[in-house]
Amino acid sequence: MKKRITCFIYLILLGLFSVSCATSSGQDKKGIQEEVKNDARVEKQIYKGEDISLVVMQPCLTDVSDSEKWIARYIQESLVNKFSTFTQMYIANSENDDLEYSEDFFTIADNYYVNNLVSGSIQETINDYEFNFFIVDIQNNENSSSAECHYSLADIESGRAVNDITIKLLKGLGINLSASDMRTLTATNTEENTALILLAKAYVAEKAGNLVEAIAYYFEVKGTYQERAYSNIKRILYFPIPKGSLEEKSEYLQTTQKTWSKMFKDLDSYLSLKLPVVIYNFSSVTKELNSDLKTARFTVEPGMKIIPNRQAITVWKEIMDAWEGIKAEKEFAPLVKNLHGASQQLSQVQHTYIAVAGLVDEEGVRARTPGYGEITQKIILQYSKTFEIKSRKKYFNDREYRKLNFNNVQLSEVEGELVPEVFSLEKSYGGGGTPNVKLETPLVFSEAEWE
C-alpha cells in the first residue's frame, strides 16, 4: 500500500514537471517568435528608397592603363546589381546597357525617365586608384550623395571597393541597410564577382573590335551569368544573310569580310599563346655526384608535359562552327572564297612547343649546365562538324610526363640547395632559319594548381 502511494505521488510530481516544462518551452518559443517579429518590423521600417529612380553611368577613367579599362564597366554593373538587390529604388539600366560617361546629365535623365543619376570618376595614381562618385538629384540640380576613397587593384578585384561605394552612396540617400543585408553585401560572392569582371573585360574587348578575346572572356564566365555570356557569344558570331540592293550587299559583305579576316588573324594569335599549357610535377629530385667531384647529375621526375588547353579549343571550335554556317549560305560565297586560305589554315592547326626548365639556387641564380631540360610536343587540331571536345581530365591524362635530366651541373657557382623551375615556353617553327618565339605570359601550372 505504501509503495502504491509513493508511485502515485511520483506520477503527480512528474505531471506537474511536464506541465512546467511545456509552459517554459512555450514561453521560450513565444519569445523567439516575438524577436523574429520585431526583426521583421525593423526590416519593414527601414527606408529602401521606394521613391527614387536612377540610372548608373560608367565612371570616367583618367590615366588608367588599357589593361584595366574594364574597371569602369565592372563598377557600373556591380552598382546596378547591388542597388537592385538591396534597395527598392527603380534602376533604369538594362542588361548589356552600355551607358558610358557623359556630362549631359539632364538629357540622359530625360531619356531614361529618372530623377537621379549616378556618375563618377576613377583616376589611376602611382600607388592606387582614386574614386570619386556622386548621385545627382536632377530636379534640384545638386549632389544628393557622394563617395570618395582610394583603393588598390586588389580591393577592386575582390569587390571591396564597390561594396564600400555602395554603402556610402546609399547612406547619403538616407538608405541604411539592415544588419542581415550588410552581412550579405560585405560577404562578397566570389563566383558572381569574378563573372562581372569577366563580363566587363569581354565588353571592353568587344568594343575595341577584339572579338576573339571577348569570346574567350565570355566562355570563362560561370554561375548565374553564364547564360547571358553565351548569348553574347552567339550575338557576336551571328551574321544575317545580306539583303537589299547590290550596293547594300556589297557594303555589308565588305564589312563582314573585314570582321572575319581580323577574327581569323586574332584566333591564330590566340591559339599560339593560349593553346599550350605546361604542367609540371617536380616531386622527386635525384642527385648524384660525378667522378670529378665538382659537378653533379640531377634527375627530376615525373617531369613536365605540354597539354592542349580545353578553353582555347572551345573558343576555336565555336568560331569555326560559326564559319561553317557562313559557308552554308550562298549569299556569302564571294566572302568565303576570299577568306579560303585563312579559314583553311585554322581548320588544320598544328603547333610545336618547347618547354624549357632548369635548376636555380636559393638566390634564384640559374645553375650552369651544358643544356637545360627541354621537352618538345605537338598539338594538332583538325576541324570537322563532329569534332569532339574532350574533358579537361582527358586532355591531361592523354599526355605522359617526361622526366628531366641535368648533367654536369657546376656546383661551385651556386649557393645552397638547387631546385627545378620552368623557365619558358617557346613556339617552334621547325628550324629552317626561323627562330623559336618565346611566349609572353605562358600558361604554366604545377599539377596541384591544375587540379
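The values are calculated or read from the model by the stated rules, or taken from the named source; none is laboratory data. Values in this document were obtained by computation on a predicted structure and should not be read as measured data. Please note: Cβ atoms are built from the backbone with ideal geometry, for glycine as well, and neighbour counts cover all protein chains shown. Note: areas computed on protein heavy atoms with side chains; ligands, DNA, RNA excluded. Shrake-Rupley method; radii C 1.70, N 1.55, O 1.52, S 1.80 Å.
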Next item on the list: Pairs of Cα atoms under 8 Å, at least six residues apart: use those to get the relative contact order of the chain, whole percent.
Entry: 11
Next item on the list: Among SER291, ASN408, LEU346, flag the residue with its Cα farthest along the positive direction of the charge dipole of the stretch 277-434, charges on Cβ as +1 for Lys/Arg and -1 for Asp/Glu.
Entry: LEU346
Notebook entry, point to check: When the Karplus curve 6.51 cos²θ - 1.76 cosθ + 1.60 is applied with θ = phi - 60°, which whole-Hz ³J(HN,Hα) does each residue of the stretch 423-428 get, with x for Gly and Pro?
Noted result: 8, 7, 10, 10, 9, 9
Margin query: From the P(r) of the stretch 305-442, could you give the percentage of C-alpha pairs in the tail past 18 Å?
Written below: 68
Margin query: Could you sort the peptides 253-261, 139-147 by per-residue average Cβ neighbour count (10 Å cutoff), highest mean leading?
Written below: 253-261, 139-147
Next item on the list: For helix 246-274, report the angle its Cα long axis makes with the longest principal axis of the Cα atoms of the chain; keep it between 0 and 90° and round to the nearest 10°.
Entry: 90
Item checked: Candidate lysines for bridging to LYS390, where Cα separation is under 18 Å - those fewer than 8 sequence places away on the same chain excluded -> LYS274, LYS305, LYS317, LYS378
Checklist line | Charge-dipole axis of the stretch 87-129 as Lys and Arg at +1 and Asp and Glu at -1 on Cβ define it, positive-most pick from TYR112, GLN88, SER102 | finding: GLN88
Checklist line | If the convex hull is drawn through the Cα atoms of the stretch 66-112, its volume per residue in Å³ | finding: 88
Notebook entry, point to check: If the viscosity is 0.890 mPa s and the temperature 25 °C, what translational diffusion coefficient in µm²/s does Stokes-Einstein give for the chain when Rh comes from Kirkwood over Cα pairs?
Noted result: 88
Item checked: Fraction of beta bridges assigned by DSSP in the chain that are antiparallel (%, nearest 5) -> 85
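With a ≥ b ≥ c taken as the square roots of the eigenvalues of the C-alpha gyration tensor of the stretch 36-189, please select rounded if a/c is under 1.5 and otherwise prolate if a/b is larger than b/c or oblate if it is not?
Oblate shape, in that a/c is at least 1.5 and b/c is the bigger or equal ratio.
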Checklist line | Distance histogram for the stretch 368-451 (every C-alpha pair counted, 10 angstrom bins, percent rounded to whole numbers) | finding: 11, 33, 35, 16, 4, 1
Notebook entry, point to check: Over the alpha carbons of the stretch 187-303, what is the largest minus smallest coordinate on each principal axis, giving the biggest first in Å?
Noted result: 84, 44, 19
Note to self: Taking only the Cα atoms of the stretch 38-118, how large is their convex hull per residue, in Å³?
What the structure shows: 107
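Using a 1.4 Å probe, what is the accessible area per residue for the chain, in Å²?
56
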Check: the stretch 219-292 to the stretch 315-366: how many Å between their Cα centroids?
Finding: 8
Notebook entry, point to check: Along each of its three principal axes, how wide is the spread of alpha-carbon positions in the stretch 86-164, in whole angstrom units, largest first?
Noted result: 38, 25, 22
Note to self: Accessible area of the chain with a 1.4 Å probe: how many percent of it is carbon plus sulfur?
What the structure shows: 50
Margin query: Shape verdict for the stretch 226-286, please, from the Cα gyration tensor: rounded (a/c under 1.5), prolate (a/b greater than b/c) or oblate.
Written below: oblate
Note to self: Under 5 Å between amide hydrogens, which residues at least 5 positions from SER53 or on another chain qualify, with H placed 1.01 Å from N in the peptide plane?
What the structure shows: TYR90, ASN115, ASN116
Notebook entry, point to check: When you take every Cα atom in the stretch 239-391, what is the radius of gyration, and what is Dmax, the widest Cα pair distance, in Å?
Noted result: 23.7, 84
Note to self: Applying a 10 Å radius around every beta-carbon, put 93-99, 312-318 in order of their mean neighbour count, most first.
What the structure shows: 312-318, 93-99
Check: Which value at 222 nm does the chain reach when only helices count, each DSSP H run of 4 or more adding -39,500 (n - 2.57), with the total divided by all residues and rounded to the nearest 500 deg cm²/dmol?
Finding: -14500 deg cm²/dmol
Check: How big is the C-alpha Rg of the stretch 152-249 next to the rule-of-thumb value 2.2 N^0.38 Å, as a ratio?
Finding: 1.51
Next item on the list: Order the peptides 127-136, 181-190 from the highest to the lowest mean number of other Cβ atoms within 10 Å of their residues.
Entry: 127-136, 181-190
Notebook entry, point to check: What FRET efficiency comes out for the pair ARG392/PHE105, r = Cβ-Cβ distance, R0 = 41 Å, nearest 0.05?
Noted result: 0.25
